[in-house]
Structure formats: structure tokens, C-alpha cells
Amino acid sequence: MQLIDGKALATKMKTKIKEEVDAMKSSGMKVPHLAAVLVGDNPGSQSYVRNKVRYCDDVGFESTLIKKDDSITEGELLAIVQDLNDDPSVDGFIIQLPLPDHIDAEKVNLAIDPKKDVDGFHPMNFGRMTLGLPAYLPATPQGILVMLEEYGIETSGKKCVVVGRSNIVGMPMSILMAQKRKTGNCTVTIVHSRTKDTVSEIRAADIVIAAIGRANYITADMIKEGAVVIDVGINRVDDDSRKRGYRLVGDVDFLGVSEKASYMTPVPGGVGPMTVTSLIMNTIIAAKGQIYN
Ligand code: GUN
């Protein structure tokens with residue numbers, strides 16, 4: 001099994017991104033500016049947003065972090081979105097998900113100016129992506145495409161099974177893998193909670209992309225010999241031997257599956273670092289006006 005080292009690839013890309021930001025600066029352009037809105041104290045969200053802000057600092061981006069208490073009203077959050085839409089210094093912004101239950105996440109998503117929607121979640125970007133038009137691609141699926149391409153993994157004509165149908169990962173991933181594109185041209189199946197025989201579907205796959213958020217759900221007996229296995233899950237499991245009391249594991253039982261897979265991503269150090277890289281690349285595209293001018 002060959003490990004797909006997302007961390008190493010992300011580090012390599014970070015150097016290139018920093019060079020690009022330096023070049024933008026030298027040519028008199030303003031540096032890209034990413035803003036992030038974090039509501040509440042979900043530990044996962046806090047850690048993701050921290051990584052994004054740190055990445056901005058590392059590559060010379062301007063960044064703004066807007067932190068709000070869980071008690072924020074929908075109206076107050078919509079007003080923040082409007083301010084970010086109107087602020088010419090901000091090239092792109094994200095509203096970290098999940099949002100508290102009393103806020104309609106769809107309404108907030110619809111309020112984002114598609115030009116600044118570097119998450120690619122607004123229907124304008126999602127629709128453009130689906131039609132194969134220039135769009136901000138959602139960060140996690142985009143990062144996975146880059147990894148598959150970098151490792152020279154053939155996808156054309158392969159059977160790809162995407163486990164999970166979220167709007168953030170499973171659904172856009174399945175669309176991209178089916179499209180006529182360099183890394184694509186797969187025959188795609190999405191499996192989800194109502195699938196009749198999930199195991200048989202996964203067992204038939206040449207490429208498995210697991211994005212369900214269930215620790216070690218995919219086990220070796222579900223995997224075809226030689227399959228490529230991409231693990232999007234980041235799950236906390238109790239571990240008293242660790243100082244922080246938990247460790248991170250993916251949706252895939254790494255040790256067992258590594259006996260059968262040809263390529264696979266580790267957790268941590270696989271998909272996660274590439275997700276941040278993609279968001280940053282989308283922000284450069286936004287700053288340069290390459291999609292909407
Ligand atoms: N929560 C989990 N993944 C993401 C992401 O890619 N973007 C945002 N905004 N929230 C998330």
C-alpha cells in the first residue's frame with residue numbers, strides 16, 4: 001500500500017502559494033484577504049478555523065476572524081454576512097459549519113455573495129460546478145482531486161463509491177468524480193443510510209471515498225483488493241494514553257484496510273491539510289477575480 005501523504009503535498013503547495021502571494025505583492029496587488037466567521041465553541045470548528053487563520057499568516061494573506069457566541073441571532077449573523085459582502089477589502093469568506101440549530105444555515109448560505117463564496121457552497125457556485133462552468137469548488141472534494149492527480153491515480157472508467165451524501169463533501173465529490181475531467185470519468189455510486197446493501201456496493205469499488213463521520217466504519221472485509229481508499233473522516237475517540245484524552249481516527253479502519261488497499265490517505269495528515277490548501281487557492285482565485293471578474 002502506498003500512503004497518499006496529504007500533509008507533504010500540502011506543505012509543497014504552501015511554498016508555491018507563498019511565492020505567488022509574494023509575486024502579487026511585488027506587482028503592486030493587494031494581498032488576498034480571507035475572513036472566517038466562527039459561531040459557538042464546537043472544538044472541531046475551533047480547530048479548523050485556527051488552522052485556516054494560521055495558514056493565512058504563513059503565506060502572507062490578510063485574515064480576519066469573527067468569533068461570536070452561540071447566542072447570536074440569525075439576523076445578527078445575516079448582518080455580518082452583509083458587511084463582509086460589502087467590504088471591498090475582503091476577497092472571500094467562510095461561515096464555519098455547523099451553525100447552532102436556531103440559525104437557518106441555508107438562509108445564511110444564500111446571503112453570501114457568490115463572488116466571495118470561497119467554500120463553494122452557494123447554489124450559484126454549486127450549480128456552476130455541476131454544469132462544469134468555472135466556479136469555486138468545495139475545498140474538501142477539490143483537495144481530493146488534487147491528491148489523486150498528484151499521485152497519478154487513474155480514475156477514468158473506474159467504479160467510484162462515495163460513502164455519505166453531505167452537501168459539503170459526498171454530494172459534490174460524486175458529481176466531480178463523474179464529470180468529464182482529467183481526474184473524473186468514473187462510474188459513481190453514492191451510498192447512504194437508506195442504501196440496501198452498502199457493503200456489496202463498497203466491495204465493488206475501485207475507488208472508495210469515505211465521508212460519513214463514523215470512526216473506523218469501513219473495514220478490510222468491505223474493500224476490494226487493490227482499491228484506492230480516501231478517508232475524509234476526522235473522528236475523536238477516547239484514548240486515556242493521550243494527554244488530551246482522545247485521538248483522531250478516520251472513517252476507515254486504517255490498519256486492516258492498509259492490507260488490501262493500493263493507495264490510501266491517513267488520518268490525520270491526509271485529506272485535512274489539502275482541504276485548507278484548496279480554500280486558500282480559492283481565495284487567490286477570488287482576489288484575482290478569475291471566476292467572476
Ligand atoms: N465544516 C466542515 N467542513 C467545512 C468547510 O469546508 N467549510 C465550512 N465553512 N464549514 C465546514
Problem - Value of [θ]222 nm, deg cm²/dmol, for the chain, DSSP H segments ≥ 4, -39500 (n - 2.57) each, nearest 500 - result: -12000 deg cm²/dmol
Exercise for the section: Please find the FRET efficiency linking S71 to S27, where r is the Cβ-Cβ separation and R0 is fixed at 45 Å, and quote it to the nearest 0.05. Expected result: 0.50
Completion exercise
Note on the chain: contact order normalised by length, alpha-carbon pairs under 8 Å, 6 or more apart, percent, works out to 20
Fill in the blank from the handout: Along the range 91-102, Karplus-curve 3J(HN,Hα) (6.51, -1.76, 1.60; θ = phi - 60°) to the nearest Hz, with x for Gly and Pro, reads 7, x, 8, 10, 9, 5, 9, x, 9, x, 4, 6
Handout entry: Cysteines in the chain that, by Cβ-Cβ distance, have no pairing candidate under 4.7 Å
Key = C56
Completion exercise
Expressed in angstrom and rounded, the centroid-to-centroid distance over alpha carbons for the range 148-176 and the range 32-47 is 26
Handout entry: Calculated from backbone phi, Karplus (6.51, -1.76, 1.60) coupling profile of the range 275-287 in Hz, x at Gly/Pro
Key = 5, 5, 4, 5, 4, 5, 5, 4, 5, 5, 4, 5, 5
Fill in the blank from the handout: Note, the range 237-245: 3J(HN,Hα) by Karplus (6.51, -1.76, 1.60, θ = phi - 60°), whole Hz, Gly/Pro = x, goes 10, 4, 8, 5, 6, 9, 4, 7, x
Practice task
Can you tell me how much longer the chain between D221 and N167 gets when fully stretched, taken as 0.36 nm per residue apart minus their C-alpha distance, in nm with one decimal?
Solution key: 16.6 nm
Problem - Range of Cα positions in the chain per principal axis (Å), largest first - result: 52, 41, 36
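Coordinate-derived values only; no laboratory data. Bear in mind that the values here come from a model prediction, so they are computed numbers and not experimental data. As a convention, Cβ positions derive from the backbone with ideal geometry for all residues, glycine included, and neighbour counts pool all protein chains shown.
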